[in-house]
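Engineer: My structure is below; once you've seen it, I'll send some questions.
The values are calculated or read from the model by the stated rules, or taken from the named source; none is laboratory data. Quick caveat: nothing in here was measured; it's all calculated off a predicted structure. Ideal geometry is used to build each Cβ from the backbone, glycine not excepted, and the neighbour counts take in all protein chains shown.
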Amino acid sequence: MAVYTAVTAEHLAAFLAGYDIGEPLSFKGIAEGVENSNYLLDTTAGRYILTLYERRVQASDLPWFLALMTHLADAGLPVPRPIPDRTGTALQTLNGRPACIIEFLPGVSVTEPTPDDCAEAGLALARLHRAVASFTAERPNALGPESWGPLAARCDGRFGEIDPALAALVESGLAATAGWPAALPRGTIHADLFPDNVLIRAHTVSGLIDFYFACTDLFAYDYAITHAAWCFTADGRTHHADRAAALARGYAEVRPLSEAEAAALPVLGAGAALRFTLTRAYDWLNTPADALVTRKDPMAFARRLAWYQDATPDMMLK
């Protein structure tokens, strides 16, 4: 269960005293998620999520994330709005942790996306990329190409403990992404738009959530991450061309990829697959077996990495 810091009824009452969001009716921990402590809060004024930030997210980055979410919500995107207290402050401290109350958005996350789901995801991603044109604050991508070689080295030659083929796949991935197309259009990207970070209701995207990997980087790289997340089976063994075509169709409704962006998609896809292969591998090797966090299989993205190294742009778009 993703609750690392307990919040008692007394803690909650004292915390809510600074807000105008009504009296609490119910309050319970949320099992989903692995990074933070999350609670579902119902009050006489509505439903909210209370998050206490625990791991990986730097406290100094939180004002940027909350400003981004507010900007996107103001632009009409289905992004949960951070709720300020009576002084206008959204970022708080609760039980020694940075904390924030955000708007609750209805909807469910799909586990096996249909082509229609992929089209909706592409449309939502393109709208996000359009909406950030007026969001000028930047945040470097700490998990960008410059980090992949050092992250591979931090795995200490132990890839074989995960799978005998993994070391060679990582080496070929690092070589394949050496000529990174850095001159493409860039701005704020989500960088983690997996199906579990998209809520769907009545066949329409009703929520884009979990912006804590968002950063300034290539829009087409964000597209490639979304392709990797939505257009394969969960184990990475099978690519679904119909999902890829639907994702491309939805995205192109709002922001058609340029010729240069489309041409770069295979290397961007390889980079996306390599990034998640490496972070999962590092976590796999360094997370104790009895930890609360469930380790994710690095090979699911290593298989995607192998696919992208043989892919053409058309295979990702049609």
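Engineer: Before we move on, is A142 modelled with pLDDT under 95 and either in contact with a Pro (Cβ under 6 Å, 6 or more places away or on another chain) or of a type in the set (A, V, I, L, M) (or both)?
Structural biologist: Here the answer is no, as A142 does not meet what is asked.
Engineer: Check G157 against each of (1) assigned to a loop (DSSP other than H, G, I, E, B); (2) closer than 22 Å to T226 by Cα and name the one condition it does not meet.
Structural biologist: (2)
Engineer: Taking segment 298-314, which residues are buried (at least 17 other Cβ atoms within 10 Å of the Cβ) and out of contact with any Pro (no Cβ under 8 Å at 6 or more places or on another chain)?
Structural biologist: Listed by number, the residues that qualify are P298, M299, A300, F301, A302, R303, R304, L305, A306, W307.
Engineer: A further question on this structure: Looking only at segment 8-20, decide whether some residue is assigned to a loop (DSSP other than H, G, I, E, B) and either at pLDDT below 95 or of a type in the set (D, E, K, R) (or both).
Structural biologist: There is at least one residue in segment 8-20 that is assigned to a loop (DSSP other than H, G, I, E, B) and either at pLDDT below 95 or of a type in the set (D, E, K, R) (or both).
Engineer: Kindly indicate the residue of segment 65-75 that is farther than 19 Å from G18 by Cβ and without any contact (Cβ under 8 Å) to a residue 40 or more places away in the chain and also surrounded by the most Cβ atoms within 10 Å (Cβ to Cβ) among those meeting that condition.
Structural biologist: A73
Engineer: A further question follows. Does segment 275-288 include one or more residues that are of a type outside the set (S, T, Y) and either in a loop (DSSP other than H, G, I, E, B) or more than 30 Å from E35 (Cβ to Cβ) (or both)?
Structural biologist: Within segment 275-288 (the criterion being of a type outside the set (S, T, Y) and either in a loop (DSSP other than H, G, I, E, B) or more than 30 Å from E35 (Cβ to Cβ) (or both)), the answer is yes, since at least one residue qualifies.
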